[in-house]
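We did not get these values from a lab; they are worked out from the coordinates using the rules stated. The model shown is predicted, which means the values in this text are computed figures rather than measured ones. Counting neighbours? That spans all protein chains shown, and the Cβs are built from the backbone with ideal geometry, glycine included.
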Amino acid sequence: MFGLGKLFGKSGATNTKQKLKFPPAFSINTAQRSIQPEEINQNYYSLLLGVNSPLDNNLNNFEKKSLAELEDTLNNRDRLAGMLPRLPLVLPRLMKLLREEKSTAHDIAALIKEDPTLVADVMRLTESPFYKTRNKITSLEHAVVMLGREGVKRLVASAILKPLLNNKNGFFMKMSSALLWDHAEKNSQVAYEITRGEDQTRFHAYLAGLLGNLGFTVGLKILDKTFTSDEAPHNLPFFPKFEKYCRLMSAEIAQAWGMPNPVIDSLKVQAEKRSSNVSELDLGLYIADLITKTSLLRKQLGIHDDPVSFRLDEHISTRLLNSYLKLTEPKA
């Protein structure tokens with residue numbers, strides 16, 4: 001239906017499925033208290049949906065109707081395809097060029113220059129804390145050299161999804177699209193940073209971190225379609241149901257686009273929270289999501305300039321802390 005498989009490739013295993021605990025035991029600790037995943041998610045979805053004081057009540061009629069629409073859309077791929085815009089024409093050409101070993105930084109930069117938005121994204125990305133260098137980037141060619149092929153591949157994936165996630169049509173989309181994109185961009189970087197293995201494995205983590213929010217754009221559009229202002233999505237039982245349907249739609253979109261199988265499978269694991277047959281990629285995506293949300297919710301969670309620590313019995317703890325510090329460091 002979407003036909004993006006050739007951009008990122010379908011072959012190659014990422015992480016062997018193992019007998020790992022999912023979701024893993026995880027908390028963020030400050031000097032004052034311990035913050036659990038449930039609190040992080042409740043605050044995030046309250047912010048995403050514009051809810052100041054969520055209630056622990058049964059679903060209202062608006063919430064029931066919205067969830068029914070979400071389920072119907074999830075089961076109708078044509079309807080799902082119709083809710084996403086078309087992609088820039090330069091992107092398949094750029095990915096093809098990146099696969100050619102003889103292509104130079106000048107070749108790649110020349111093609112990027114055909115899309116002014118892509119140029120701006122490349123230059124902005126070089127200023128991210130995840131790409132900081134001692135010397136300031138002075139040109140597009142210099143940026144391509146500094147990022148390398150794998151870095152540019154991540155940039156292209158980001159450029160594809162930014163207009164899809166940063167759509168401001170409709171009440172809920174206008175209110176929440178900036179947060180969706182901010183989360184996706186940071187989440188993909190953290191997932192990449194904390195994932196071990198070959199470049200392909202880490203790129204799968206990056207892709208999954210970006211793709212995980214696509215279903216939420218569809219979910220927000222459905223809320224806009226259903227919304228009458230008589231009722232709002234403000235009941236706590238609605239949040240996990242909304243999240244699950246949106247995450248499953250992200251997996252459906254990834255599958256329809258022909259994305260790598262480990263990416264599709266990991267998106268399904270995040271939706272289903274299944275406790276068996278999971279991989280380290282699955283664990284990393286789950287934790288990257290929580291740490292990214294925490295970095296965006298510092299005010300809501302009462303985290304100021306306090307040092308934080310993580311309760312996590314996994315090998316990625318140090319890299320996780322480093323990623324969190326990068327996300328929360330003051331901008332120059």
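What the table below lists for this structure:
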read-out	value
Cα-based convex hull, the range 86-166, per residue volume (Å³, whole number)	88
Over the chain: helical MRE at 222 nm, DSSP H runs n ≥ 4 each giving -39500 (n - 2.57), nearest 500	-19500 deg cm²/dmol
Given 11 as the ceiling on other Cβ atoms within 10 Å, longest exposed-site-free region of the chain for trypsin sites (Lys or Arg not before Pro) in DSSP loops	169-330
Spin-label model distance (nm) - L236 vs R93, 7 Å beyond Cα toward Cβ	5.4
Cα centroid separation, the range 107-127 to the range 216-248 (Å)	35
The range 132-168 and the range 258-282: distance between their alpha carbon centers, rounded to Å	26
